[in-house]
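The structure under discussion appears below in the form of structure tokens.
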Amino acid sequence: MKKTVIPFRWEAAAFGFLLMLCAACGNKTRSEANGNDTIPMAAAPDFNADSAYQYTAAQCAFGPRVPNTEAHRLCGDYIAGKFKSFGAAVTEQKADLRAFDGTILKARNIIASYNPEAEARILVCAHWDSRPWADNDPDEANWEKPVLAANDGASGVAVMLEMARLIQLSPINNIGIDFICFDAEDYGIPQWSEEAGSDATSWCLGSQHWAANPHVYGYRARFGILLDMVGGQGNTFSKEGYSRQYASQVVELVWQTAAQTGYGQFFPDRDGGYVTDDHVPVNQIAQIPCIDIIPYFTDGASGFGPTWHTVDDNMEHIDRQVLEAVGQTVLQVIYNENE
Ligand code: AHN
Ligand code: ZN
């Protein structure tokens with residue numbers, strides 16, 4: 001029987017080795033990822049959607065978390081206590097902030113940090129307050145009633161709490177994570193006011209305050225991700241305008257990670273409109289590139305979905321799969337940064 005000998009070819013082996021090296025270098029530039037490349041995925045823990053759903057319900061159980069109310073105070077204590085129970089270092093930033101109508105809001109930004117001493121950091125944020133007026137409700141009789149804010153408030157904080165629970169179980173060694181719960185986002189001028197739409201700075205008071213006075217002097221982060229209305233039925237997330245303008249690499253990283261993690265249908269490759277939201281002061285004042293993960297509906301009464309600023313923004317319209325799509329995607333992004 002004749003034996004076939006395959007000669008070992010040094011040139012071919014060297015070429016193959018070079019290819020492997022290039023692939024490895026490619027991993028390091030993944031924040032420049034585009035639709036053609038594949039991001040190598042580090043192991044991330046499994047996001048538990050039932051857990052995030054429970055954290056959403058727990059906040060709603062306090063009632064609407066409108067600034068200067070008892071429900072707001074108690075829910076703030078709940079959120080800070082939960083992050084502490086998950087091993088985070090919690091800092092509270094209290095401020096008296098002046099609303100458009102002159103009301104002084106006793107505001108409270110709640111900041112939960114992992115590896116507070118690490119220089120390389122990622123910021124994840126969401127607002128935790130509820131809007132005092134359901135001014136987009138189809139029924140005018142509801143326009144001065146508060147919003148329960150299951151989606152528009154509780155959902156973002158709930159996703160952050162679930163991520164914090166998992167980070168305590170699977171610590172991240174090489175980077176720091178800061179979860180910031182911004183207060184007084186949703187106290188913007190109501191649609192029924194004479195001044196409706198006249199002043200974008202009436203929104204996002206807590207994030208404006210933090211961006212001008214960060215909890216750590218000279219605070220920096222690689223990038224930020226804002227979660228706003230991340231639990232609503234039927235949500236899909238388009239590439240929001242300011243996010244593209246200020247943090248396009250982060251947009252591409254997150255959308256590509258969603259696709260590779262199996263949540264591409266929630267993150268279509270589509271441009272959304274420009275939204276006045278907490279990421280704007282983070283980009284413009286703190287100068288940290290920050291994207292907004294926020295739903296974009298192309299039909300219906302509101303671009304943010306049918307329950308936006310209505311009395312129907314309650315647990316009945318929260319979808320665990322949406323919480324999971326966002327939570328698992330952002331977790332994957334965070335664990336991938338921990339190189
Ligand atoms: C405006 O409608 C001006 N901004 C939407 C930001 C927002 C409100 N996010 C949640 N509630
Ligand atoms: Zn709102």
Residues in the stretch 275-310 that are surrounded by fewer than 20 Cβ atoms within 10 Å (Cβ to Cβ), within 11 Å of ligand 2 (Cβ to nearest atom) and more than 26 Å from residue 123 (Cβ to Cβ): how many?
1
Looking at (1) outside any helix (DSSP H, G or I); (2) surrounded by fewer than 19 Cβ atoms within 10 Å (Cβ to Cβ), which is the only condition residue 316 fails?
(1)
Inside the stretch 41-56, the number of residues satisfying the requirement of being surrounded by 15 or more Cβ atoms within 10 Å (Cβ to Cβ) and hydrophobic (A, V, I, L, M, F, W, C) is 4
Counting only residues that are β-branched (Val, Ile, Thr), under 18 Å from residue 130 (Cα atoms) and surrounded by fewer than 24 Cβ atoms within 10 Å (Cβ to Cβ), which one in the stretch 172-214 is nearest to ligand 2 (Cβ to nearest atom)?
189
Number of positions in the stretch 153-190 that are in a helix (DSSP H, G or I) and closer than 22 Å to residue 317 by Cβ
10
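Values quoted throughout were computed directly from the atomic coordinates according to the rules given, and no laboratory measurement underlies them. Because the structure is predicted, anything quoted here is derived from the model rather than measured. Cβ atoms come from the backbone with ideal geometry, glycine included; neighbour counts cover every protein chain shown.
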